[in-house]
Amino acid sequence: MVDISLYPASFWMACLLLVCAGINAWNQRRKGWGIPALAVVVTVSVWYVGDALYNNYATYRSKIGDQALANAWWQVCLFIVAFMVLTPVISERLAGEQRPSQAVAILERRPLDQAHVQAKLDTLCKSMLVVWIALMLIALIRVKFDFVGLFAPYLGYKRDPWARNRIGGGIDAFLSLAAYFQTFLTAGFGVILALTKNRKTRGIAFVVCLLAFPYYIFDRTRNTMLATVVPGFSVWVFGRVRGRLLVKFTLVAFGVALTSMWFSFVLQNRTNRSIASAFASGSSLQKSAKHKHLGLNMAEELGWINKFIDQGNYEPNWGMRYFAEVVNPIPRVIWPDKPMIGIDYAIARGQGGARASSAGVFATISTGMIGQGVVNFGRWLGPVAAAILMAVWCGILARQDRQATEPARLLLYALGLILTFNMGRDITLLNLYPFAFGWIVIVYWERRQVRV
């Protein structure tokens, strides 16, 4: 049972505003920005309200203090209001005139079954296959042709061809680029598998997924698991499965339960051994599922940020962290003194003192979608800045929605919706690179198709 006396009035106001925002986004789902806005509302609900209900809020009160937490919830309220007001305006500017959502049309009228669309899907699959094979040849060379470690880690161990230090140098920028391309391609083949009706294309996509998914599923990083597996699953549920929404949401609930169980298993084993070796040794999934999830604590971090600011232990950096995100694509070999992301807050949270190769911290601490705005622009301008960025993101996805009957654009749209949830921990290019690089590849591919 939830002890309602634990929570301040600002918490309940945030819950009410989230409900209103969710209903509004659902009612506007036939507009391009409606579904992306709903994804943002769900993201904030899970990472903030979910944190307060799932974790020990009484402990937060004793460590952080009631005033800092109350301010944190008022900041969540400010974010929601600003987001609801700004999203329709910004999305219309970025996506053009409002048109009926093509993603919703796919759900209702299934235009992707048309022959000319399926032909484009076959061509896209062949093009992606060539790139994926080339990338995997490079990966195999780097792991000395260890096929098992790269493609079948469930047999006992996993090899990472793109491993690098926290502070990059030399060819590390290219290693990161390869890793992000691999994430995009893997998610893409999942979407193709869900959509194609051609047996040959389905066979290609199935084999690639069989080889590519284990690399992420048996990794330690949960956000890449979501980014690669969930887009295809979501497109299959909402674009292929026939039946009422109740059937689809039942499948979604089953997927969430299965994901939750696997994430618990990952959290229980990733600190002392690899996930692959834990699975191969027969560690119990059912036993691991009883343990609580870690990292679902963005409300806590927002409270700490407010407390540090109140005490004078931390000062907003007035956009420098956002600037560090913007310039992140510049390789450190070109700009050795490129700003680092989030190191100042990690030190404030007691993570300083590690080796220089690890940026001087033992771990970086996610500040959360809203907290990131606060560390950039302060307690009241910060939530509005975060809302502007998420409204822009909804506009970008709305632009993909306009072309969602093109398989490549639907792939980007599905990937973007899933990456929205990952941005609950931070609005960062580190999460969005698979989308950004995928967009570049798709634009180039589309132009080549026009010339051909």
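A few remarks follow.
- Rg ratio (alpha-carbon, reference 2.2 N^0.38 Å) - the stretch 6-88: 1.16
- Value of [θ]222 nm, deg cm²/dmol, for the chain, DSSP H segments ≥ 4, -39500 (n - 2.57) each, nearest 500: -22500 deg cm²/dmol
- Using a Förster distance of 45 Å, the FRET efficiency for residue 92-residue 281 (Cβ separation, nearest 0.05): 0.25
- In nm, spacing of pseudo-spin labels at residue 247 and residue 138 (7 Å Cα→C-beta vector): 4.3 nm
- Cα pair count fraction exceeding 14 Å, expressed as % - the stretch 193-262: 66 percent
- Restricting the calculation to Cα atoms, every distinct pair contributes to the Kirkwood radius of the stretch 305-446, found to be 16.6 Å.
- Relative contact order of the chain, defined on C-alpha pairs under 8 angstrom at six or more residues apart (%): 26 percent
- Taking the stretch 1-83 and dividing mean pair separation by its residue count, relative contact order in percent (alpha carbons under 8 Å, at least six apart): 48 percent
- Here the stretch 395-452 and the stretch 196-212 have alpha carbon centers that stand 21 Å from each other.
- From largest to smallest, the equivalent ellipsoid semi-axes obtained for the stretch 41-105 from the alpha-carbon gyration tensor read 35, 15, 6 Å.
- Accessible area of the chain belonging to carbon and sulfur atoms, whole % at 1.4 Å probe: 64 percent
- Relative packing of peptides 183-196, 54-67, 243-256, 205-218 - highest average C-beta neighbours within 10 Å first: 183-196, 205-218, 54-67, 243-256
- Alpha-carbon spread of the stretch 122-197, three principal axes, descending order, Å: 43, 29, 19
- On a per residue basis, the stretch 174-224 carries 40 Å² of accessible surface, using protein heavy atoms and a 1.4 Å probe.
- Working note: Debye formula, equal point scatterers on the alpha-carbon atoms of the chain, no solvent; log10 I(q)/I(0) at q = 0.09, 0.11, 0.12 Å⁻¹ is -0.61, -0.94, -1.14.
The values are calculated or read from the model by the stated rules, or taken from the named source; none is laboratory data. Keep in mind it's a predicted model, so treat the numbers as computed, not measured. Cβ coordinates were reconstructed from backbone atoms using ideal geometry, including for glycine residues, and neighbour counts include every protein chain displayed. Remember, those area values only see protein heavy atoms, side chains included, never the ligands or the DNA or RNA. Shrake-Rupley method; radii C 1.70, N 1.55, O 1.52, S 1.80 Å.
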